[in-house]
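To start, the structure itself, in structure tokens.
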Amino acid sequence: MSYQFSRTPKKVNSINTEHRSISTDIPCPGTKEILQVLDTYESRSMHGQIPIIWDAATDFNIFDLKGNKFIDFTSAIFFSNIGHSNSRVTEAMQKMLNKPILGCYAYGNEVRAKYLKKLVEFCGPGFDKAFLLSAGTETTEAALKLMRMNGQFKKKERLGIIALENNWHGRTMGAQMMSGNIKQKKWVGYEDKDIHHLSFPYPWILNNESGESFFLKSIDALKESGIDPKKDLCGMILETFQGWGAVFYPKDYVQAAENFCKENDIILTFDEMQAGFGRTGKAFGYQHYDVSPDLICCGKGMGNGYPLSGVIGRGDVMDLPEVGNMSSTHSANPMACIVGLAVIEEIESLNLIEESNRKGKILKDKLNLLKKISNGKISHILGEGLISAILFQDPLTGEPDSLTASLVAEKCYENGLLVVHTGRESIKLGPPLTISDAAMLEGLDVILESFNAVIRKK
């Protein structure tokens, strides 16, 4: 993230609407001092987003140190699916605090049993068991182990994993090896030679080629390199959509991948970290492709801000580890389980999957109108449900334009709207699924206003 957001308070227009209020300079007084403390004592890897200090967050609004109110189009980087400080969740947490029982991973408890049953049922047919963890990267790491266990125990030493270039699966060693960013793997000093990366089927490189054809060509190239799918491969992992730009695959690409995995007895895993729990207008993002994976890796919206993640999959695969061979001290703790249970109950009671789909159509229609009037400065509007990305370009050269993306994100902030700054040519939008139509439309108006202000200034 090379663009440096200004921390110097700037006078901006006062705002007082139903969903936004700005009454101070932005960033507000006190922000710079706290950020300086964070700079001093916290790894810089945690920095780079908009320079706002969150003081409170409720539903789809964020409040800074001076009470300025912002519409949140970030969901705190896509995990507050049911809204910030959701009352069903906070009441459930209080209930567990009052019980009290906060940790017992090696021993059973009633809420753990209730949650696992609810979770597996929520995932639907084809999913039998779950393994609960705390962070998303733990689940992709676990999935890697499960795919390889299946390959070794059942298929005579198969170790090979197929992943995709530029997909992202987390920061632990195995997850990082499956991730397709070569630059971010070099510093590790190790590369897993049994993980093979295929080219991603970006819409701007496919032209008129089908997704199926693109996939099969990639597999042919893999075979030509000496890989025998029936002898060497045990798994394939797909990020449900490529995160930085909410780039979904062509449907026939994923279906071709599923057919390939079935034909060669390969475990198919979906990384649902950003996509799961209603974000894309379906319970899980893989459902957009009409396929049936063997494993799914979930996090973020699964706990709505509480550290909770999980691998859910076929019973025969999930039961491959020996007793005690896959466990984690904080996994399946009672607090995490009661939060997870409350999240699913809230999704169901508020019909948030259907709402995400409905609101997502409004979001995309408005963004496509923005693209039409952008004079070629916006190249793509991507996403499904309540996850979208705006991709910026130089209209003369077609080259990605990360500077405009950063400037628009900054201007949105000054106008009372938070969007996700990717550090690339995109900004990402993912409000809580609970956002009202009126607040969402107001936020979209802010994006238009901010875009126009940036273009005029440039």
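What follows draws every value from the coordinates through simple rules; no lab data is involved. What you are looking at is a predicted structure, and each value in this text was computed from that prediction instead of being measured. Here the Cβ is made from the backbone with ideal geometry for all residues, glycine too, and neighbour counts use every protein chain on show.
See the values below:
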item: Counted charge near VAL446, where neighbours are those whose Cβ lies closer than 14 Å (Asp, Glu -1; Lys, Arg +1); result: -3
item: Gap separating the Cα centres of the stretch 213-244 and the stretch 175-189, nearest whole Å; result: 18 Å
item: Label point distance in nm, VAL323-GLU263, each placed 7 Å from Cα along Cα→Cβ; result: 4.2 nm
item: Net charge dipole size for the chain [Lys, Arg +1 and Asp, Glu -1 on Cβ; Debye, nearest 20]; result: 600 debye
item: The stretch 87-349: relative contact order in percent, alpha carbon pairs under 8 Å with at least 6 residues between; result: 31 percent
item: Structure-derived mean projected area of the Cα convex hull in nm²: which label, when the choices are (1) 20.8; (2) 25.7; (3) 22.3; result: (3)
item: Computed FRET value (nearest 0.05) for ASP316 with SER210, which takes r as the C-beta separation and R₀ as 22 Å; result: 0.10
item: Violating pairs (Cα-Cα greater than 32 angstrom) within the set LYS117/LYS366; LYS10/LYS377; LYS156/LYS300; LYS118/LYS361; result: LYS117/LYS366; LYS156/LYS300
item: Relative contact order for the stretch 1-141, counting Cα pairs under 8 Å that sit 6 or more residues apart, in percent; result: 15 percent
item: Length-normalised contact order for the stretch 77-224 - Cα pairs under 8 Å, 6+ apart - percent; result: 14 percent
item: Virtual paramagnetic centre 7 Å along Cα→Cβ of ILE34, amide N under 14 Å, in the stretch 49-93; result: 50-58, 62-70
item: Gyration tensor (alpha-carbon) shape descriptor, the stretch 212-351, a/c threshold 1.5; result: oblate
item: Highest to lowest packing among 323-332, 41-50, scored as the average C-beta count within 10 Å; result: 323-332, 41-50
item: Beta bridges by DSSP in the stretch 238-345, antiparallel share as percent, to the nearest 5; result: 50 percent
item: With Cα atoms, 0 to 90° folded angle of helix 211-224 axis to the chain main axis; result: 50 degrees
item: Value of [θ]222 nm, deg cm²/dmol, for the chain, DSSP H segments ≥ 4, -39500 (n - 2.57) each, nearest 500; result: -12000 deg cm²/dmol
item: Segments 187-198, 80-91, 303-314, 24-35 sorted - mean Cβ within 10 Å per residue, highest first; result: 303-314, 80-91, 24-35, 187-198
item: Backbone HN-Hα couplings from phi across the stretch 351-363 [Karplus 6.51/-1.76/1.60, Hz, Gly and Pro as x]; result: 6, 6, 5, 5, 5, 4, 5, 5, 5, x, 5, 5, 4
item: Listed peptides 160-170, 246-256 by packing density, highest first (mean Cβ within 10 Å); result: 160-170, 246-256
item: Within the stretch 87-349, percent of DSSP bridges classed antiparallel, to nearest 5; result: 40 percent
item: Estimated dipole of the stretch 87-349 in Debye, rounded to 20 [Cβ of Lys and Arg +1, of Asp and Glu -1, Cα centre]; result: 600 debye
